[in-house]
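What follows draws every value from the coordinates through simple rules; no lab data is involved. What you see is a predicted model; the values in this text were computed from it and never measured. Backbone-built Cβ (ideal geometry, glycine too); neighbour counts: all protein chains shown.
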Amino acid sequence: MNSNFDGGVKGKLRDLYFTELQERLQTLEGIMARLQHEAGKQLPYEQLESEAHRLQVIGTTYGYPNITATAGALEEHLRSRGRDRRSVATILTPLIAAMNAALLDEVLDGYEPVEDRAQTQQTAGQGYRPLILVAEDNPAMVALLAELLPFAAIQSVAEGRAALAAMAARRFDLVILSNELRDMKGLDVLTVMAVHPQGRPPVIVVTADRDAAHLKRLNAAGAQDCVIKPLAGATHQFVERVQQVLARQKKTILIADDDPLVREILRKKLSERGVNVVLAANGIEALSLAREVRPQAIVLDRTLSKLDGLQVLREIRKEDEMRTTPVVILSTRNSSEDISIGYREGADAYIVKPFLPEQVIRTCENLITGEPREDRVAS
């Protein structure tokens, strides 16, 4: 068979699958809403069982084992364990999450983020401005949020899947998430985010639903805060809550180097990224500040005065609260033995001087977020 034809047929079948998956997701979300809000009414359990069976089959066909497994669990539960409303909702939740995750993979397939040049130009020269993703399909609400948060750089999207794609492509300081988007509920966005937790930003959900059980579900799914629409009359409180969440996310890095130029360059570069920077000029000062501040990462010059970098590192690793704090060693010593000693003493990265400031900054950021690093040794 012609390979181009074969590839074209497979591509069309895949498109049909994702179209069907979106339709079935909407059906299941509708049933979930009824499970949660229509107590005492007859619910379409037979339809739900049929949907679960179909999803189990096509999940296997198209290579989505999480859909197959969660749909199979739902079908088996409906057939053999009764139809208690709460238990069915509990089993249905991971299936909806698996379907959203599959659709997210499709959205991200070939996705290329476009740099927001206007936003970059705004930020340049003004110091650090937190980057906030606003997931909201009401343009008036987006405009209001931009007006209320002039201290932040805003990127807005109108759909849940676009929000998930944006978060996969770029690191945000905060997400302001509407509970009612064009294609997804805010709760479903949070559920998919839980499937991909690494580097997950804090989320404030904006919702018109005041129901206490609904707000509790949003918090349980990972929302840091929930704000009730409309914001009119409570804008000051909303801005305060945004600032509080942002303040909790701000990182602190300790820079310990006896060269004042190195300290100043790294302080300036990190401050531009919104990082709190604490400076130490010798080893005793570095150890004292590390114990006092408990930074998210520490950069240590190996040849500090009064107490050298390796001695400081040994003392840090004795402290329970800093046993896993990321530590980057800076040193002119570049032999394999010197580098090995640094790692044996507990360093997470070893950077040989002279270095580019971006090397140190990128290494610290990756260590803090837990993202994989290209190299443990840079020179």
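Oblate is the label for region 194-246, because a/c, from the alpha-carbon gyration tensor with a ≥ b ≥ c as root eigenvalues, is 1.5 or above and a/b does not exceed b/c. Taking a straight Cα-Cα cut-off under 21 Å and skipping sequence neighbours fewer than 8 places away in the same chain, the lysines within cross-link reach of Lys269 are Lys250, Lys251, Lys353.
Evaluated with a Cβ-only charge set (Lys, Arg +1; Asp, Glu -1), region 252-378 carries a dipole of roughly 60 debye about its Cα centre, given to the nearest 20. Here the simple spin-label model places points 7 Å from the Cα toward Cβ, and for Gln22 and Leu148 these points are separated by 3.0 nm.
Between Val57 and Ala208, the C-beta separation translates, for a Förster distance of 41 Å, into a calculated FRET efficiency of about 0.60.
Using a Förster radius of 22 Å, what is the FRET efficiency between Glu76 and Gln36 based on their Cβ-Cβ separation? Nearest 0.05, please. Show your work: numbers first, answer last.
Values: r = 22 Å, r/R0 = 1.00.
Approximately 0.50, to the nearest 0.05.
Using a simple spin-label model with pseudo-atoms 7 Å out from Cα toward Cβ, Leu261 and Asn334 lie 1.8 nm apart. Taking 7 Å steps out from each Cα toward its Cβ at Ala140 and Tyr45 produces label points 4.4 nm apart.
Bridges between two residues of region 252-378, per DSSP, are antiparallel at a rate of about 0%.
Work out the P(r) tail for region 259-352: percent of alpha carbon pairs separated by more than 24 Å, whole number.
Working: 655 of 4371 pairs.
Counting every Cα pair in region 259-352, those more than 24 Å apart make up 15 percent.
Computed from the C-beta positions of Ala169 and Arg362 and an R0 of 22 Å, the FRET efficiency is 0.80 to the nearest 0.05.
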